Amino acid sequence: MTEGVEVVLLDIEGTTTPIAFVHEVLFPYARTALGGFLDECWSARDVQSAVTLLAAEYAADSDVGATPPAWSVPPDIPSVDAYALWLMDRDRKSPGLKELQGLIWKRGYRAGDLRGELFPDVPPAFTRWRARGLRIAIYSSGSVLAQRLLFSTTPFGDLTSAIDAFFDTGVGAKVQRESYTRIAAALGARPDAILFVSDVLAELYAARDAGLRPALSVRPGNTPTADVGAIPVVRSFEELT
């Protein structure tokens, strides 16, 4: 499956990392810590950068007739807290929310409350791929900060040195073909030399439309997929030899 591949591009949730870790550990942690974090860190530059993104997203939600909670101008802590929770309830791939969550998780990882979790076949696969001269990249809806934190705190050690590039939705949504075209350009690789592994068919279709080689990750806890068509299925990275 990897013949002719130069870059292995990986999703995180349901691909390198159990879905349960994201939904039962990371998301609840960010939700619980949100209010206190905003109270303590409101004036920090990176927090205000996330707030600026959220303000733009709030305006877009209002323009399309959504009914988010009240928002103050200028933004204040209660309105940001309420809107962030509203976005969490809808599992929105919000850039502002992802930045805010990443900052909260950063404190959690540094405090030892959080530790990155990976499927056990991931670290040896990284070693094999690097030995073959393959590059490894990550593309997740979580912020680049959140990605680095996860891979730097695993039970297998800090794996960030094995990863050549991290991409988040700053390059575009994961279900848009153009996002994968941008990633290929950023990597300086031909699209057909990139293998993209994800548990979401819509993402794999978009990657395939951009010329990448898709593979569906089927892991314990992932949502069953009825019809994958011609897309190869990967149940363990040991299959990607």
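Kindly evaluate residue 160 against the criterion of being at pLDDT 95 or above, of a type in the set (Val, Ile, Thr) and out of contact with any helix residue (DSSP H, G or I) (no Cβ under 7 Å at 6 or more places or on another chain). Quick ask: steps written out before the conclusion?
On the way: at pLDDT 95 or above: yes; of a type in the set (Val, Ile, Thr): yes; out of contact with any helix residue (DSSP H, G or I) (no Cβ under 7 Å at 6 or more places or on another chain): no.
No: the conditions fail for residue 160.
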Here the residues within the stretch 153-169 that are crowded, with 16+ Cβ neighbours inside 10 Å and among the polar types (S, T, N, Q) are 153, 154, 160, 169
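Kindly indicate whether any position in the stretch 26-33 is within 18 Å of residue 199 (Cβ to Cβ) and at pLDDT 95 or above. Quick ask: steps written out before the conclusion?
Residues of the stretch 26-33 that are within 18 Å of residue 199 (Cβ to Cβ), as a first pass: 26-27.
From what's left, at pLDDT 95 or above: 26-27.
Yes - at least one qualifying residue is present in the stretch 26-33.
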Only one of (1) farther than 13 Å from residue 29 by Cβ; (2) surrounded by fewer than 20 Cβ atoms within 10 Å (Cβ to Cβ); (3) out of contact with any Lys or Arg (no Cβ under 9 Å at 6 or more places or on another chain) is not met by residue 111, so which one is it?
-> (1)
Can you find a residue in the stretch 63-86 that is closer than 30 Å to residue 189 by Cβ, touching a residue at least 40 places away in the same chain (Cβ under 8 Å), not basic (Lys, Arg) and not assigned by TED's automatic domain parsing to the domain that holds residue 184?
-> no
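Got a number for residues in the stretch 1-43 being part of a loop (DSSP other than H, G, I, E, B) and either farther than 17 Å from residue 238 by Cα or touching a Gly at 6+ places or on another chain (Cβ under 7 Å) (or both)?
Filtering the stretch 1-43 down to residues part of a loop (DSSP other than H, G, I, E, B) leaves 1-6, 11-12, 14-16, 18, 42-43.
From the residues that got through so far, the ones that are either farther than 17 Å from residue 238 by Cα or touching a Gly at 6+ places or on another chain (Cβ under 7 Å) (or both) too are 4, 6, 12, 18, 42-43.
So the count comes out to 6.
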Could you check, for the stretch 109-132, whether at least one of its residues is acidic (Asp, Glu) and closer than 30 Å to residue 54 by Cβ?
-> yes
Conditions (1) outside the structural domain of residue 188 (by TED's automatic domain parsing); (2) buried (at least 17 other Cβ atoms within 10 Å of the Cβ); (3) modelled with pLDDT of 95 or more; (4) of a type outside the set (Asp, Glu): number failed by residue 12 | (1)
Total residues in the stretch 90-123, condition part of a helix (DSSP H, G or I), in contact (Cβ under 8 Å) with a residue 40 or more places away in the chain and more than 16 Å from the chain's Cα centre (by Cα) = 4
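Restricting to the stretch 127-142, name every residue that is more than 18 Å from residue 14 (Cβ to Cβ) and either touching a Leu at 6+ places or on another chain (Cβ under 8 Å) or crowded, with 20+ Cβ neighbours inside 10 Å (or both). Before you say what the answer is, go through the steps one by one.
Pass one, the stretch 127-142, residues more than 18 Å from residue 14 (Cβ to Cβ): 127-135.
129, 135 - these are the residues of the stretch 127-142 that are more than 18 Å from residue 14 (Cβ to Cβ) and either touching a Leu at 6+ places or on another chain (Cβ under 8 Å) or crowded, with 20+ Cβ neighbours inside 10 Å (or both).
For the stretch 74-89, which residues satisfy the criterion of being closer than 15 Å to residue 22 by Cα and part of a loop (DSSP other than H, G, I, E, B)?
So the first thing to find is which residues in the stretch 74-89 are closer than 15 Å to residue 22 by Cα, and the list is 88-89.
Across the stretch 74-89, there are no qualifying residues.
For the stretch 141-241, please list each of the strands (runs of 3 or more DSSP E) lying entirely inside it that holds at least 2 residues being farther than 23 Å from residue 2 by Cα. First the steps, then the outcome.
Working: elements: 165-167, 194-198, 213-217.
Where strands (runs of 3 or more DSSP E) fall fully within the stretch 141-241, none carries at least 2 residues being farther than 23 Å from residue 2 by Cα.
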May I ask you to verify whether residue 186 is free of Cβ contacts under 8 Å to residues at least 40 places away in the same chain, within 13 Å of residue 9 (Cα to Cα) and small (Gly, Ala, Ser)?
-> yes
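The values are calculated or read from the model by the stated rules, or taken from the named source; none is laboratory data. It should be emphasised that the depicted structure is a prediction, and the values quoted were computed from it without experimental measurement. Cβ: placed from backbone, ideal geometry, glycine included. Neighbour counts: every protein chain shown.
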